[in-house]
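In what follows, a structure is listed as structure tokens, so that the remarks can point back to it.
The values are calculated or read from the model by the stated rules, or taken from the named source; none is laboratory data. No experiment lies behind these values; they were computed from the predicted model shown. Every residue, glycine among them, receives a Cβ derived from its backbone with ideal geometry; neighbour counts consider all protein chains shown.
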Amino acid sequence: MKSYYFPLLLTIGGSILYHVAQKSLPRTTNPLVTMMLAYAVGILLFAVTMVFYHDQRPFLNSVRESNWAVFVVALGAASIEIGFLLAYRVGWNISIAPVASSVAVALLLIPIGILGFKEHLSIGNVVGIMFCVVGLILVTHK
């Protein structure tokens with residue numbers, strides 16, 4: 001099922017599981033230990049699913065070909081994990097925190113996409129971005 005929409009559906013399903021589980025973690029646990037356990041389980045899941053992911057590149061070649069971005073992805077993922085966990089612990093709602101975060105990230109990525117990756121925006125994109133700004137203000141306003 002390698003369709004155009006499959007990766008996005010996988011992301012959406014995973015995000016729903018992720019946020020429900022993050023919001024359900026016991027407040028009494030050390031957040032760093034909780035995330036270490038989650039990553040350990042994640043590593044096991046990746047190892048098991050590699051059996052089903054048919055790729056012509058050998059494992060060690062992929063390790064050797066990796067660059068600095070792997071470490072930055074790890075830093076970003078860890079920041080997202082602990083950030084949401086702490087946000088939920090201080091009282092953010094599961095219906096607001098992911099929306100506010102996603103819209104803010106999308107808005108901050110616009111100049112990076114334009115300047116760093118030579119992406120272009122259509123008039124429709126700009127109108128949508130304006131709606132996102134208004135939505136972010138409305139969603140985060142108490």
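May I ask you to say which residue of L25, L85, L32, L109 is in contact (Cβ under 8 Å) with a residue 12 or more places away in the chain, closer than 30 Å to I129 by Cα and surrounded by 10 or more Cβ atoms within 10 Å (Cβ to Cβ)?
L85
If you check P7, P98, which single one turns out to be closer than 26 Å to M130 by Cα and within 15 Å of the chain's Cα centre (by Cα)?
P98
Give me the pairs, please: first residue somewhere in region 123-142 and in contact (Cβ under 8 Å) with a residue 40 or more places away in the chain and assigned by TED's automatic domain parsing to the domain that holds A106, second residue anywhere and of a type outside the set (D, E, K, R) and in a helix (DSSP H, G or I), beta-carbon distance under 8 Å, and either six or more positions apart or on two chains.
Within 8 Å, the pairs are V139/V99; V139/A100; V139/V103; T140/A100.
So, of the residues in region 1-60 that are aliphatic (A, V, I, L, M) and not in a helix (DSSP H, G or I), which turns out to be modelled with the highest pLDDT?
Residue satisfying both the conditions and the ranking: L25.
Every residue in region 113-135 that is outside any helix (DSSP H, G or I) and surrounded by 12 or more Cβ atoms within 10 Å (Cβ to Cβ), please.
Residues satisfying the conditions are E119, L121.
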